[in-house]
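Data first, discussion second: the structure below is written as structure tokens.
The values are calculated or read from the model by the stated rules, or taken from the named source; none is laboratory data. Source: prediction; values computed, not measured. Here Cβ is always computed from backbone atoms with ideal geometry, including for glycine, and neighbour counts include all displayed protein chains. Each accessible area value is taken on the protein alone, full model and side chains, heavy atoms only, with ligands, DNA and RNA left out. Shrake-Rupley method; radii C 1.70, N 1.55, O 1.52, S 1.80 Å.
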Amino acid sequence: LLAEVTPSHLNHVFFTGSGSECNDTVLRMVRHYWASKGQPEKQVIISRHNAYHGSTVAGASLGGMKGMHAQGGLPIPGIVHIDQPYHFGEGQGMSAHEFGLARARQLEEKIQELGVDQVAAFIGEPIQGAGGVIIPPDSYWPEIQRICDKYGILLIADEVICGFGRTGHWFASEGFGIKPDLMCLAKGITSGYLPMGAVMVGDRVAKVLVEEGGEFNHGFTYSGHPVACAVAIANITLMQNESIVKRVHDSIGPYLQRRWAELADHPLVGETRGKGLVAALEIVQDKQTNSRFPAELQAGMTCREFCFNNGLVMRAVGDTMIISPPLVITEEQVDELVNLARLSLDLTAAKLRG
């Protein structure tokens, strides 16, 4: 069933219990792949600052969260990071197109710095979720794909947040036009009803592992647990029968994005952005310069508390507010969501400027 809904070149699965376990698995699998090809020195995996790939030792190392790295002596060796494609926060003064290319080309610069004989793979979330719904410029992912193809390194897509319809595609990789060698899945695979994760393995990687790699000495107690598998089958089948992904793509996703964009006129909002049923807005003190409020005012957390008190779940990532509503949300509920967000922003403005 997973081979049916994922891109056509992903036909093999390694089951796990979570997204974090998926990323531990890809680290070992990627290194085992290159060792099986007679290139054991290709061990370095390149990731991005502010990425999130889980909280296990390998997952937190692959991620680029400074707060996580500060605990436990992370990252582990063999993992390096380049800058994220965060245009609003880090690309002021550049067009989105130019910024996307510049950030993608850091991958090529890092490969050249380390030596292609040392680099195994690049890992990235199509859209950085926990980092603040960072949606790369359209120029970014095609350039990343070109660089991975040019140097022959593996491309890993972490679809734990973006997968199973969130962006209006079954998987966000399809919407960005990339062809990952490995794809990490969790969350939406069971709609969260039971813990489950899965690493989709591309045909060219699977062929090497099966024909040359011998036994892959790796696994988890609950890998492919039959109860979790039954829930995943029921969930995915229901999504297919109810055309939920198509609805996100064609109707409710565009409706949310239209309504969400209306919040850009609020005095506190420097930018709104989103794709499908995931979105973010940036709280700023000055809309002309996009300057932030002083850190001690905790603008984002202030807004979050007003949201919670008003019955709206909206998360704060610094002063970036993010939402990820249910795929079955109605237009009436979207209207309520946007109205509550505006009310919470009004209350936040009154408190910050009071």
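A compact table of results
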| item | result |
| --- | --- |
| Residue in region 271-292 that is among the β-branched types (Val, Ile, Thr), touching a residue at least 60 places away in the same chain (Cβ under 8 Å) and either part of a loop (DSSP other than H, G, I, E, B) or surrounded by fewer than 19 Cβ atoms within 10 Å (Cβ to Cβ) (or both) present | no |
| Matching residues in region 255-270 - criterion: being assigned to a helix (DSSP H, G or I) and either buried (at least 18 other Cβ atoms within 10 Å of the Cβ) or in contact (Cβ under 8 Å) with a residue 24 or more places away in the chain (or both) | TYR255, LEU256, GLN257, ARG259, TRP260, GLU262, LEU263 |
| Qualifying positions in region 168-192 - open to solvent by 10 Å² or more (accessible area, probe 1.4 Å) and either without any contact (Cβ under 8 Å) to a residue 24 or more places away in the chain or over 17 Å from ALA51 (Cβ atoms) (or both) | HIS169, TRP170, GLU174, GLY175, GLY177, LYS179, ASP181, GLY188, SER191, GLY192 |
| Lone unmet requirement of (1) charged (D, E, K, R); (2) touching a Leu at 6+ places or on another chain (Cβ under 8 Å); (3) surrounded by fewer than 23 Cβ atoms within 10 Å (Cβ to Cβ) for ARG105 | (2) |
| Residue match in region 202-216 (condition: in contact (Cβ under 8 Å) with a residue 60 or more places away in the chain, within 19 Å of ALA232 (Cβ to Cβ) and touching a Leu at 6+ places or on another chain (Cβ under 8 Å)) | no |
| Selection within region 150-188 - β-branched (Val, Ile, Thr) and in contact with a Gly (Cβ under 7 Å, 6 or more places away or on another chain) | VAL160, ILE161, THR167 |
| Restricting region 52-66 to residues that are in a loop (DSSP other than H, G, I, E, B) and more than 17 Å from GLU21 (Cβ to Cβ), the residue that is least open to solvent (accessible area, probe 1.4 Å) | GLY64 |
| In region 193-214, the residues that are surrounded by fewer than 24 Cβ atoms within 10 Å (Cβ to Cβ), among the small types (Gly, Ala, Ser) and at pLDDT 95 or above | GLY202, ALA206 |
| Total residues in region 148-206, condition in contact with a Ser or Thr (Cβ under 6 Å, 6 or more places away or on another chain), part of a strand (DSSP E or B) and more than 19 Å from ALA58 (Cβ to Cβ) | 0 |
| Hey, THR302 within 30 Å of LYS66 (Cα to Cα), touching a strand residue (DSSP E or B) at 6+ places or on another chain (Cβ under 6 Å), crowded, with 20+ Cβ neighbours inside 10 Å and not small (Gly, Ala, Ser) or not | no |
| Boolean, VAL313 is in contact with a Pro (Cβ under 9 Å, 6 or more places away or on another chain), surrounded by 19 or more Cβ atoms within 10 Å (Cβ to Cβ) and at pLDDT 95 or above | no |
| Single residue of region 67-102 satisfying the filter (among the polar types (S, T, N, Q) and either in contact with a Pro (Cβ under 8 Å, 6 or more places away or on another chain) or farther than 26 Å from VAL160 by Cα (or both)) that is most open to solvent (accessible area, probe 1.4 Å) | GLN92 |
| Scope region 91-132; condition part of a loop (DSSP other than H, G, I, E, B) and either of a type in the set (D, E, K, R) or within 19 Å of the chain's Cα centre (by Cα) (or both); matching residues | ASP117, GLU125, PRO126, ILE127, GLY129, ALA130, GLY131, GLY132 |
